[in-house]
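Okay, so here's the structure we're looking at.
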Amino acid sequence: MTTSPRPGADARATATATADHLAAGHGVDDAASDVPHGIRRLPNWVLTLLAIGTLYMLIVAIGVIGDGFKSLGKDAAEGLFDFATNPFIALFVGVLATAIIQSSSTTTTLVVTAVGAGALPIEVAVPMIMGANIGTSVTNTLASFGHAGHKDEFRRAFAASTVHDFFNLFAVIILLPIEIFFHPIQRSAEWLAGALFGTVLPDPGQADLVGALTDPVVDLLGMDGLTGLLPGSDVVAGTLTILLGVAMIFFAVSWLGKILQVLMVGRAKAILEKSVGGHPLTAMGAGMLVTIAVQSSSVTTSVMVPFAGSGALTTRQIYPLTLGANVGTTVTALIAAMAVTGDGAKLALTIALVHTLFNVFGILIIYGLPFLRSLPLLGAETLAHVAAERKIYAVAWVLTVFIIVPALAILIKVLFT
């Protein structure tokens, strides 16, 4: 198993190598490579306006989905999630959905909206959120395949990427059974939501500023406007309204991330530079801040992969950065919760806080306890040694964990229910 660098010269050498790697233009800049050149050439004030516009679209999309759920009626809306009433199936739904769309922010935002609309019980939403946490780790694992042509590089890169997979898997293995029987995360989130509501956060029932800004557009697009004019029953129109909202969320989250990557790339690079070779808590904080800045944990974790492949960073150093990214990605769901109004607003905030607390509890238990801390490292490095010898095992890992097992579980549930 890889060990931490020795204090002194080795640590400084590693930090210097990584800083040089960053300064050379690698890392965070590479994360923006999927951003169209036209976007990257825009001035910052235009990018800022575009970021505000996509955030506005995200909030409107939440309203559109809520409008669709309301039009279906309580029974029909709840029926959309009947197949996921089992907590384990709900977990697999979260894994598969997030792995397919490559965005835990989209999945968790949809879950928050469904809970706020009364279409999804919070007991089912909690394991879905846990599944989304697993599903989002597929992106940086796929990024490691860029080093597949070089055995040692691939071993280092694959280990650094799958430490995220193993941490999230161990967090679910430990916390899901506890949550099913005792509900500590849900109860903590309910208490915190109650404490925040009407104090730190305004009660939407008293001051619906967001609604005042977005309701006209929601009415224009939703059942009182565009989708309501479509032929067919209210069920058809309501379902199409929900699908429109989901498409808007996916578009908004995707483009918000791209725009923020361009806006924040310099600041993100500086944060990562300062965290290299530092205390694990500093690295966690850096991972969290960068993820909040670019609105994507996949970006934060994926940009670390080339560092690992080149040997500039070890898996042990990347590990806490990954945990910080896990916490940082929960901000999107919190933003979504603040956009939910009406009777379900507090429930929406509760499930968004579940996402945050799940990651915090996972860090406290797994990283906080010395005898558990090395388990994700051991799993990642063992798998990487095997995968470096035969790449088929790396492909099998991705397909089995993120696609085949969740899809088979859901299919069996649907066929035999």
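The values are calculated or read from the model by the stated rules, or taken from the named source; none is laboratory data. Predicted, not measured: the structure shown is a model, and the values here were computed from it. Cβ sites come from the backbone with ideal geometry, for glycine too, and all protein chains shown count toward neighbours. Heads up: the accessible areas ignore ligands, DNA and RNA and are worked out on the full protein's heavy atoms, side chains in. Shrake-Rupley method; radii C 1.70, N 1.55, O 1.52, S 1.80 Å.
Judged by the mean number of other Cβ atoms found within 10 Å, the most tightly packed of the peptides 93-105, 41-53 leads the ranking 93-105, 41-53. Split the accessible area of the range 290-384 by element, probe 1.4 Å, and carbon with sulfur accounts for 72%.
Could you tell me the calculated FRET efficiency between residue 42 and residue 102, based on Cβ-Cβ distance and R0 = 22 angstrom, to the nearest 0.05?
Working: r = 24 Å, r/R0 = 1.10.
It comes out at approximately 0.35.
Potential lengthening of the chain between residue 251 and residue 369 amounts to 38.5 nm, from the contour at 0.36 nm per residue minus the alpha-carbon distance.
Computed from label points 7 Å out along Cα-Cβ, the spacing between residue 404 and residue 196 is 4.0 nm.
Taking θ as phi - 60° and the Karplus parameters 6.51, -1.76 and 1.60, the scalar couplings of the range 363-369 work out to 5, 4, 7, 7, 7, x, 9 Hz in sequence order, x denoting glycine and proline. Site pair residue 382 and residue 52 shows an inter-label distance of 5.3 nm when each label is modelled 7 Å from Cα along Cα→Cβ.
Which peptide among 54-66, 399-411 comes first, and what is the full order, when sorted by highest mean count of other Cβ atoms within 10 Å?
Working: 54-66: 24.6, 399-411: 16.2.
In decreasing order of mean packing, 54-66, 399-411 become 54-66, 399-411.
What nm value, rounded to one decimal, do you get for the distance between residue 187 and residue 123 when each label is placed 7 Å out toward the C-beta? Once both label points are built, they end up 1.5 nm from each other.
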